[in-house]
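Chemist: Here it is: the structure, laid out below.
Read-outs: derived from the displayed coordinates by stated rules, not from any lab. The structure displayed is predicted, hence computed values, not measured ones. Because the Cβ atoms are built from the backbone with ideal geometry, glycine has one as well, and the counts that use them run over all protein chains shown.
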Ligand SMILES: [Ca+2]
């Protein structure tokens, strides 16, 4: 396990968390349209609804990979 992989995983995790955060932020503040009020921008839902419905699984897998990567580096 090398540090490049760990850095990549950390980068992806931060990016994914940011996207989830921004979905909530942009819909709460009205920056992006959210007619069905599920805190997911409607323009994203057409193509990326799976990304939100699988949130629990995605975060779990990222956490698992991150945990193993840190364990391998330290
Ligand atoms: Ca929506």
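Chemist: Can you bin the chain into rounded, prolate or oblate? Criterion: square roots of the alpha carbon gyration tensor eigenvalues sorted a ≥ b ≥ c, rounded for a/c under 1.5, prolate for a/b above b/c, oblate for the rest.
Modeler: Because a/c hits 1.5 or more and a/b exceeds b/c, the chain counts as prolate.
Chemist: What do you get for the angle between helix 42-53 and the principal long axis of the chain? Use alpha-carbon atoms, 0 to 90 degrees, nearest ten.
Modeler: 40
Chemist: Any idea how far apart residue 43 and residue 61 come out in nm if each label point goes 7 Å out from Cα toward Cβ?
Modeler: 2.7
Chemist: Most exposed first by the Cβ proxy, i.e. fewest other Cβ within 10 Å, how do 33, 45 rank?
Modeler: 33, 45
Chemist: Another one. Only helical DSSP H runs with n ≥ 4 go in: add -39500 (n - 2.57) per run for the chain, normalise by residue count and round the 222 nm mean residue ellipticity to 500 deg cm²/dmol.
Modeler: -26500 deg cm²/dmol
Chemist: Between residue 33 and residue 8, what length comes free when the chain is fully extended (0.36 nm per residue of separation minus the Cα-Cα distance, one decimal in nm)?
Modeler: Here the answer is 5.8 nm.
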